[in-house]
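I have placed the structure first, in the form of structure tokens, so that the comments after it can refer back to it.
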């Protein structure tokens, strides 16, 4: 289990990357979302993220976006 979690890189929250994917796929009005916008949206939707310190959470979201690719809109098929 540990090796699989290390591969993902988000041991503390395995739901973060799928939630970011869901958010990016659902928001077709915006061609690009940055870490600040995604963090704001996630903190508004999920109470467990609202309890996290803002700066640390934005950095965590940025790491997730870096892992997915620099342009999350290009990473997902939004057609």
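By other beta-carbon atoms within 10 Å, ranking 53, 15 with the fewest at the front produces 53, 15.
Footprinting exposure proxy ranking of 12, 41, fewest other C-beta atoms within 10 angstrom first, gives 12, 41.
A short reminder: the numbers here are calculations on the coordinates, not readings from a lab. It should be emphasised that the depicted structure is a prediction, and the values quoted were computed from it without experimental measurement. Neighbour counts run over all protein chains shown; Cβ positions are idealised from the backbone, glycine included.
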